[in-house]
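Presented below is the structure to which this report refers.
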Amino acid sequence: MRFDLLTIFPEFFGGPFDFGIIRRAKQQGQIEINIHDLRSFTNDKHHVVDDRPFGGDDGMVLKPEPIFRAVEALRKEDERTAVVLLTPQGRVFRQQEAQRFAGEFSQLILLCGRYEGVDERVVQHLVTDEISIGDYVLTGGELPAMVLVDAITRLLPNVLGSETSAVNDSFSTGLLDFPNYTRPASFNGMDVPDILLSGHHANIAKWRRQAALEKTLKMRPDLIEKLLAQDALSEEERRWVEEKLRQQKH
Ligand code: ADE
């Protein structure tokens, strides 16, 4: 996967991609990350990238010409390319979306929005996907772009240690992850559940599934509702969940 990030703050990206799994993926050639300064695609003396909005308002808007020029220069003919604008006005980024980008594209051009926004002609005629990382407003699209690079990279083939590592991720199963423990088995009077020390794999798997259900019901009841609607729980799980939901209502 080739990532091309377009930003007015290229220095912002010094560091975050130089650690752990992302760094290894770069070294092994599974991904390539290129950071581009939007100003270098201007052709005026002062490298102006923004201007006041027509109709008047506070703030500044990113001009269309440098962005069109940049995407034209960066788009690779022989790649499957998505042009993604990071913006709070976008579709909310979820695991499924990360899987789609990882599976269907070989080049992602990530446009980091800034100021009050981006000229709408960019959105209408250049961008293929408008993506938000959540219902809050950041000062720009740089942090969201990092989030996409990270979430997508770990889903690419052979990036994680074993092929199954991403299969049990939170959200891939529709449930949050089950809780984990490590040594010591007893710490300041806090004990690890006995079953995890039993070595009985079937019982452990059952306990984990149940713990994941409980955690999800507590933290993200919306995910449980979705699984119920999809008929994705076992009969026993469905009955347990419906009973819990009934109790919560009283
Ligand atoms: N730019 C500012 N806020 C954002 C958000 N929540 N997601 C994506 N891009 C943004």
**Item:** Pick from the stretch 91-128, criterion of a type in the set (S, T, Y) and within 16 Å of the ligand (Cβ to nearest atom), ranking: nearest to M1 (Cα to Cα)
**Value:** T128
**Prompt:** Only one residue in L126, L148, L85, L156 is surrounded by 20 or more Cβ atoms within 10 Å (Cβ to Cβ) and closer than 15 Å to I33 by Cα, so which one is that?
**Reply:** L148
**Prompt:** Within the stretch 139-154, is even one residue charged (D, E, K, R), modelled with pLDDT of 95 or more and over 14 Å from the mean Cα position of the chain (by Cα)?
**Reply:** no
**Message:** Among the residues of the stretch 170-186, are any among the β-branched types (V, I, T), within 24 Å of I21 (Cα to Cα) and either in contact with a Pro (Cβ under 7 Å, 6 or more places away or on another chain) or assigned to a loop (DSSP other than H, G, I, E, B) (or both)?
**Reply:** yes
**Asked** Going through the stretch 68-125 one residue at a time, which ones are on the phi > 0 side of the Ramachandran plot and among the small types (G, A, S)?
**Response** G117
**Count - residues of the stretch 8-52 that are farther than 24 Å from V159 by Cβ and either in contact with a Phe, Trp or Tyr (Cβ under 8 Å, 6 or more places away or on another chain) or at pLDDT below 95 (or both)** = 1
**Prompt:** With respect to the numbered conditions (1) at pLDDT 95 or above; (2) among the acidic types (D, E); (3) within 16 Å of the ligand (Cβ to nearest atom); (4) within 30 Å of R69 (Cβ to Cβ), which one is the sole condition not fulfilled by D135?
**Reply:** (4)
**Prompt:** Wholly within the stretch 1-104, which helices (runs of 4 or more DSSP H) include no fewer than the required count, namely at least 1 residues that are in the same structural domain as G117 (by TED's automatic domain parsing) and closer than 30 Å to S162 by Cβ?
**Reply:** 20-27, 95-104
**Complete:** Within the stretch 159-210, residues of a type in the set (S, T, Y) and loosely packed, with under 14 Cβ neighbours inside 10 Å come out as S162, T164, S165, Y181, T182, S186, S198
**Asked** So which residues in the stretch 26-47 are under 20 Å from E142 (Cβ atoms) and not charged (D, E, K, R), if there are any at all?
**Response** I31, I33, N34, I35, H36, L38, S40, F41, T42, H47
**Request:** Return the pairs, sorted by first residue and then second, in which the second residue is small (G, A, S) and surrounded by 15 or more Cβ atoms within 10 Å (Cβ to Cβ), the first residue lies in the stretch 134-154 and is under 10 Å from P88 (Cα atoms), the beta carbons are less than 7 Å apart, and the residues are 6+ apart or on different chains.
**Result:** G140/G113; G141/G113
**Request:** Return a yes/no flag: does the stretch 89-100 have any residue that is among the hydrophobic types (A, V, I, L, M, F, W, C) and more than 17 Å from L143 (Cα to Cα).
**Result:** no
**Request:** Collect the residues in the stretch 58-81 that are within 15 Å of the ligand (Cβ to nearest atom) and buried (at least 18 other Cβ atoms within 10 Å of the Cβ), keeping them in residue-number order.
**Result:** V61, L62
**Prompt:** Yes or no: F171 closer than 20 Å to G103 by Cβ and either hydrophobic (A, V, I, L, M, F, W, C) or more than 16 Å from the ligand (Cβ to nearest atom) (or both)?
**Reply:** yes
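The values are calculated or read from the model by the stated rules, or taken from the named source; none is laboratory data. This is a predicted model, so every value here is computed, not measured. FYI the Cβ positions are ideal-geometry reconstructions off the backbone, even for glycines, and counts take in every protein chain you see.
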